[in-house]
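A short reminder: the numbers here are calculations on the coordinates, not readings from a lab. No experiment lies behind these values; they were computed from the predicted model shown. Every residue, glycine as well, gets a Cβ built from its backbone with ideal geometry; the counts of neighbours run over all protein chains shown.
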Amino acid sequence: MRNALTFQDALQADVLAAGHDDVADRSELLRRAHGRSAGFGLDAAQIPDYHPLSRRALGERVDGNRALYRLALPVMEGLYRQVAGTDSLVLLSDSAGVILHSVGDGDGSGFAARARDVALAPGVSWSEASKGTNAIGTALAEGRSAIIHGDEHFLRANRQLTCSCTPIASPMGDWLGALDVSGDPRGFHPHTMALVRMSAQTIENQLFAAQFPDALVVRFHGRPELVGTLFEGMAAFGADGTFLAANRSGWFQLGMSADVLSGATFTELFALPMPPSGTADTLLRDLALPSGVRIYARLSHRAEVAAPVNVPQPAVQPSAALARLDTGDARMAAVLQRVARLRGRDIPLLILGRTGAGKEWLARAVHADSPRASGPFVAVNCAAIPETLIEAELFGYEEGAFTGARRRGHAGKIAQAHGGTLFLDEIGDMPLAQQVRLVRVLQERAVTALGGTHSTPVDIRIVCATHRDLRAQMADGTFREDLYYRIHGLAVTLPSLAGRSDFDALVSRILEDECEHGPQAISAQAMAILRRHAWPGNLRELASVLRTAALMAEGEARIDVEHLPEEFAGPTPSASPAQGDADAATGGMRDWEAARIREALARHRGNVSAAARELGVSRNTIYRRQRQS
C-alpha cells in the first residue's frame, strides 16, 4: 500500500479512533505530518502554489475517477445539508489530493471568500508536498482520518481553516481519494468527523455494490442489529467461491491480511459449501470465522445498490495516428477499438505482447491522439538502463548527488514528461527499489530528484508495456502489487507478427512510414521470402530488415531478393499464422538465430546493446538465446 502501515492496519487504526480523539495519537500524527512537510522543502511562511489545473486537465482527472465522482456527488450534497450554516465546504479529492468537486456556500460569506483566497477549489492540489500538513493531504499520506485544526496546519496561510477528512477506499484496498469538510475554526463541531466518516462509508459501500453486481455478497456483523446498516461488513466471492474483495468494515472484521484472504474461499472462511446461484437470504445465518469469532450474515447474489446500466454504444472509431496502425488484422483492430475509448482521459494503459510486437508504436499513437499531443512523449526502456543508473535516469538528480553527476544536476525522464506522456517500456524489468519510488510519484504526482529535498509537481499520463507476466512476478515478489494496480487501468495484448493476417499491408505501411530512402515497392519473390520468415523479433525485426533493404535498393525501382540481408537468400524456416508464435520454430531456426546473434556481436565487438539495436530485439533476447545455445 502507499503508507508504512498495511491497509488492514490503517483501517484498524481508523476504526478504533472513530469513537474518541486520543490526544497522544493526534500529537504523533501531527509530528509525522510536519516532519514530512519540512522534508518536502516547504517553509511555513511561504505563499503556497494556488494555480489550479486547466479546465481540460481537471476534466481528465474527473473522467479518470468517474465511478468515485458519480457516486460521491449525491452523498456530498447530503453531507452539506447536515453541516449547512457552519461556514463550511464539502470537498472531494482524488488519490493525489487534487480537489475534484466542492459543495458549499457561494453567497459571498466571509468563509467563502477566505476559501477562495487559499484556493480551496476544484483543480487545486492539497497534497502534503504542495500544501504541507492539511486534512486532505495528511489523511491520504497516513491512510486514516485526520482533523487538522487552525494552527496545526503547516503553512500559516492555511491556519484560518479547520478540516475533517477521511480517505475513501476501493474494494481492492487502494485509496481512491478523500472526503473533506473544511470551514471556519470558530464553527468547528466534533461531530463533523463522524458525519464525514459515515458519508465516506456510504460511498465505499456503493462502489462495492456497483463493482460486484453478480458476485455472491456476504453482509455480516458481530452484532445482528447492524446487518443491513451502514456499518455492516461486506465480502464478495466469485462463482468458484474465491474471495474477491471486502468493504472497509469487512476487512476489519475478517481480521486477516490481504495475502491470506487473496487465496481464501467461501468454504474456508465460513465452513459452509458455496451456495447455489440465486441465493438470497431473508433470515440471518449464525456463522463462525476461522478465528472463532461469531458473526451474523445474509447471503445474496444480487447487489442491493444497482450497478450502472450498460447501454449499447456505437463502436468508437480510432482516429488519425491510431487508425494508421489498423492494417487489416482483426485482433489488432479490436485492440485499437478498446484503446480509442480512452481518448481524452488519463486512464493508465498497459500494453502486453512479445518483444518487438509494436508496443511503442501503439504508445506513440495513443499520445498523438490525446489532448497531450502538444506535450512531450518520453520513452524509457527499463530493461536497457543499468540498474545502477535507472534511479538517476528516471527521477533526476541534484548537483553533487553522486560522483560524476553533472553540474546543475539533471532533470529525470519523469520531470521531462511533464504535460505529456511517460512511456515505460519493459516495466517488468524495473528494479524493486525503483518500483517503490515510482508508486510514490504516481500517488503524489510529484517527483523528488536524487540528492534533493524538494518535490516538483508533475502532470503526466502513464503508458506502460511489458512482455512479462506481471501477475506471476507479483506472486514471486519481483513486482509490486500496488504499482500493478496503478498502471493497469486498461490492459491490451498485441498479437505477434507470425500470427497476424495483414503481413503484406504491414510491409507497405512500414516502407511508407519508416523508409524515406529507397523504393516503396517490393518484388513478389522478395515478399514471398519475407512471408516465410518466422520473425522472432516481430515488427521491430521486420522494420529493421526493410529499412536496410530500402537503403540497399536506393535508386532502383523496387526492393528485390538481392537487397535483403544475406541470411534471407537461403532457405528460411517458415512460420504460418496457424502456428501463432515464433516459439514453434524448429531447432534449425534456433541455430540460424544464434548465428545471426554471433555475427552481430562480432561486428560490434561484443557490445550487446549495439547488436540488439541492429537485430531489432532486446538485450534480454540476446542473453536468452546465448544461454540456450
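I want to verify the translational diffusion coefficient of segment 22-66 in µm²/s; compute it with Stokes-Einstein, Rh as the Kirkwood radius over Cα pairs, at 37 °C and 0.692 mPa s. D, rounded to a whole number, is 241 µm²/s. As a proxy for reagent exposure, ranking Ile522, Ile529 by other Cβ atoms within 10 Å from fewest up yields Ile529, Ile522.
Given in Å, the Rg to one decimal and the Dmax to the nearest whole number for the Cα atoms of segment 320-493 are 16.3, 53. Taking every pair of alpha-carbon atoms in segment 212-300, give the share separated by more than 19 Å as a whole percent. The answer is 29 percent, as a whole percent. Once the gyration tensor of the Cα atoms in segment 458-521 is diagonalised, the equivalent ellipsoid follows with semi-axes of 35, 17, 10 Å, ordered largest first.
When Trp361, Trp251, Trp126 are sorted by how many other C-beta atoms sit within 10 angstrom of their C-beta, beginning with the fewest, the order is Trp361, Trp251, Trp126. Based on Cα contacts under 8 Å between residues 6+ apart, segment 320-493 shows a relative contact order of 31 percent. As a proxy for reagent exposure, Asp281, Asp560 were ordered by neighbouring Cβ count within 10 angstrom, fewest first; the result is Asp281, Asp560. For segment 46-84, backbone nitrogen atoms closer than 13 Å to the point 7 Å from His189 Cα along Cα-to-C-beta are found at 79-84. Taken over the C-alpha atoms, segment 181-248 has Rg and Dmax values of 15.7, 55 angstrom. Based on every Cα atom in segment 454-493, Rg and the maximum pairwise Cα distance Dmax equal 12.6, 38 Å.
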